[in-house]
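S.K.: Next up is a structure, given as structure tokens.
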Amino acid sequence: QVRLVESGGGLVQTGGSLRLSCAASGGSIFSVMAWSRQAQGKQRELVAITSYSGTTNYADSVKGRFTISRDNAKNTVYLQMNSLKPEDTAVYYCHDVSGRYWGQGTQVTVSS
């Protein structure tokens with residue numbers, strides 16, 4: 001059973017940067033991996049997707065500021081977040097695109 005573990009969240013000021021990591025254990029990361037987020041009281045939002053070959057896609061809300069990447073040899077997916085805004089505050093989850101496997105989430109808080 002593959003287990004996904006996120007890390008790298010924290011508190012940052014507006015305009016700052018964070019890098020989230022998602023490490024897979026018990027198996028390889030999946031062919032298509034994604035990051036989603038859920039802010040308090042709001043619906044979950046798909047933020048970014050990456051294929052095994054590195055093709056990426058982003059939500060309009062983060063395009064140009066966030067970068068998803070992966071290191072297949074390390075079974076790890078990353079989310080580099082720059083120019084952070086208070087509206088980026090949420091719990092961030094990595095998961096496979098089917099939604100079957102999810103990490104526990106990591107909190108990102110952007111102060112104004």
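S.K.: Taking only the range 19-45 into account, find how many residues are surrounded by 19 or more Cβ atoms within 10 Å (Cβ to Cβ) and either without any contact (Cβ under 8 Å) to a residue 12 or more places away in the chain or among the β-branched types (Val, Ile, Thr) (or both).
M.R.: 1
S.K.: Name the residue that is nearest to Ala39 (Cα to Cα), counting only residues in the range 76-112 that are under 14 Å from the mean Cα position of the chain (by Cα) and aliphatic (A, V, I, L, M).
M.R.: My answer is Ala90.
S.K.: Quick check: is even one residue across the range 82-90 assigned to a strand (DSSP E or B), at pLDDT 95 or above, surrounded by 13 or more Cβ atoms within 10 Å (Cβ to Cβ) and of a type outside the set (Gly, Ala, Ser)?
M.R.: Checked against the condition, which is being assigned to a strand (DSSP E or B), at pLDDT 95 or above, surrounded by 13 or more Cβ atoms within 10 Å (Cβ to Cβ) and of a type outside the set (Gly, Ala, Ser), the range 82-90 yields no hits at all.
S.K.: Taking the range 52-73 as the region of interest, how many residues are exposed (fewer than 10 other Cβ atoms within 10 Å of the Cβ), closer than 15 Å to Asp88 by Cα and not acidic (Asp, Glu)?
M.R.: Here the count works out to 1.
S.K.: Any chance you could count how many residues in the range 46-70 are assigned to a strand (DSSP E or B) and either touching a residue at least 40 places away in the same chain (Cβ under 8 Å) or over 19 Å from Gly9 (Cα atoms) (or both)?
M.R.: 7
S.K.: Name every residue in the range 6-18 that is part of a strand (DSSP E or B) and open to solvent by 50 Å² or more (accessible area, probe 1.4 Å), in order of residue number.
M.R.: Ser7, Leu11, Gln13 - these are the residues of the range 6-18 that are part of a strand (DSSP E or B) and open to solvent by 50 Å² or more (accessible area, probe 1.4 Å).
The values are calculated or read from the model by the stated rules, or taken from the named source; none is laboratory data. None of these values were measured; they are calculated from a predicted model. Don't worry about glycine lacking a Cβ; one is built from the backbone with ideal geometry, like all the others, and counts go over all protein chains shown. Side chains are part of the model used for accessible areas, which takes the heavy atoms of the whole protein and leaves out ligands, DNA and RNA. Shrake-Rupley method; radii C 1.70, N 1.55, O 1.52, S 1.80 Å.
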